[in-house]
Amino acid sequence: MKLHVLGCAGGIGGRERFTTCLRVDSDILLDAGTGAMNLPVDELSAIDHVFLTHAHLDHVAGLALLVDAVRGRKGYPLVVHATEPVVRLLKESLFNWRLWPDFSEIPSAENPVMTWQVMAHGETVDVNGRSITCLPVTHTEGSSAYLLRHNIEGFLFTGDMCSTPELWRTVSASPGISKVIVDCSFPNAEASLADLSRHFCPASLLRDVVSLPLSTELLIYHLKPGQEEAIMQELRNASQGRSVRALACDEVFEF
Ligand SMILES: [Zn+2]
Ligand SMILES: [Zn+2]
């Protein structure tokens, strides 16, 4: 299983900052922020499944444009997986014919460009040997993390989140998870803003993950533009032997 980071920044700004989009092999996206716009049209057409952590624009902006770009190029619908509150919000607020067309009815409801697949927290979907488990996180209503595995090896992608102790207990009890891609958006000086917007700062993240084995590598994403180095320095200073580093756009991992 190959993981390609198409976008992992907490905001836009220049060629090195694209918002959240991770590609698994050639056919799965985890979130579809502006990072999805890095793919040429033939590679966009190869995407068969998108798993959304939540409906914030920095995670779905690329989805709106992706379905338009691949219209007429696939003989079957792109499947978008998310929890019921997230699907409902996107149908009501984005794919509503006002802000953007409803591509689940284009060109027809019988043969659409995209289709929704509601996923419950705790549910696992198998996509040709890659197992994808949806787990609850605290951020917006219905927000999810995804645990991905091929055979026994895999990783956790938290999406945006703040304190969710049960997530770390679940991951600690899951063999083969060597890497955790986790939100840390703000420096400690903005801890109150992190709490208000339901993100982590270094102090709240390191407090939350105490039950996670030290051998599990933390790959930090969603760093706010211009504050990347300050946040990472605070994390390194307080990491107490835990492996912590920033995830970078265009990185590739094999599991
Ligand atoms: Zn968010
Ligand atoms: Zn976000």
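The values are calculated or read from the model by the stated rules, or taken from the named source; none is laboratory data. Keep in mind the model is a prediction, meaning the values are calculated, not measured. Ideal geometry is used to build each Cβ from the backbone, glycine not excepted, and the neighbour counts take in all protein chains shown.
Inspection of the stretch 71-81 identifies at least one residue that is closer than 25 Å to VAL180 by Cα, touching a residue at least 40 places away in the same chain (Cβ under 8 Å) and of a type outside the set (Ser, Thr, Tyr). Report whether or not VAL180 is of a type in the set (Val, Ile, Thr) and part of a strand (DSSP E or B). Here the answer is yes, as VAL180 does meet what is asked. Among the criteria (1) touching a helix residue (DSSP H, G or I) at 6+ places or on another chain (Cβ under 9 Å); (2) in contact (Cβ under 8 Å) with a residue 12 or more places away in the chain, the one LEU99 does not fulfil is (2).
Per-residue answers, yes or no, for (1) at pLDDT below 95; (2) touching a Cys at 6+ places or on another chain (Cβ under 6 Å); (3) surrounded by fewer than 24 Cβ atoms within 10 Å (Cβ to Cβ):
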{"residue": "SER26", "(1), (2), (3)": "no, no, yes"}
{"residue": "ASP31", "(1), (2), (3)": "no, yes, no"}
{"residue": "PHE51", "(1), (2), (3)": "no, no, no"}
{"residue": "VAL60", "(1), (2), (3)": "no, no, no"}
{"residue": "ALA64", "(1), (2), (3)": "no, no, yes"}
{"residue": "ASP68", "(1), (2), (3)": "no, no, yes"}
{"residue": "LYS74", "(1), (2), (3)": "yes, no, yes"}
{"residue": "VAL80", "(1), (2), (3)": "no, no, no"}
{"residue": "VAL86", "(1), (2), (3)": "no, no, no"}
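If you filter the stretch 143-175 down to residues that are among the β-branched types (Val, Ile, Thr) and within 17 Å of the chain's Cα centre (by Cα), you find that the one that is farthest from ligand 1 (Cβ to nearest atom) is VAL171.
All of SER239, SER243, SER204 fail the test of being more than 23 Å from ALA55 (Cα to Cα) and within 16 Å of ligand 1 (Cβ to nearest atom), apart from SER204. When only residues in the stretch 177-200 that are out of contact with any strand residue (DSSP E or B) (no Cβ under 9 Å at 6 or more places or on another chain) and more than 15 Å from ligand 2 (Cβ to nearest atom) count, which is farthest from GLU229 (Cα to Cα)? Across the stretch 177-200, the extreme among qualifying residues is SER192. Yes or no: SER178 within 16 Å of ligand 1 (Cβ to nearest atom) and either out of contact with any Phe, Trp or Tyr (no Cβ under 9 Å at 6 or more places or on another chain) or not hydrophobic (A, V, I, L, M, F, W, C) (or both)? No. Per the conditions (1) away from ligand 2 (no atom under 15 Å from the Cβ); (2) closer than 20 Å to LEU94 by Cα, the sole criterion not satisfied by VAL41 is (2). Identify, please: which residue in the stretch 183-238 is at pLDDT 95 or above, in a helix (DSSP H, G or I) and among the hydroxyl-bearing types (Ser, Thr, Tyr) and is, among those, surrounded by the fewest Cβ atoms within 10 Å (Cβ to Cβ)? So the residue we want is SER192. In the stretch 117-141, the residues that are without any contact (Cβ under 8 Å) to a residue 24 or more places away in the chain reach residues that are surrounded by 12 or more Cβ atoms within 10 Å (Cβ to Cβ) and of a type in the set (D, E, K, R) with C-beta atoms within less than 7 angstrom, at least six apart or across chains, in these pairs: SER131/ARG149.
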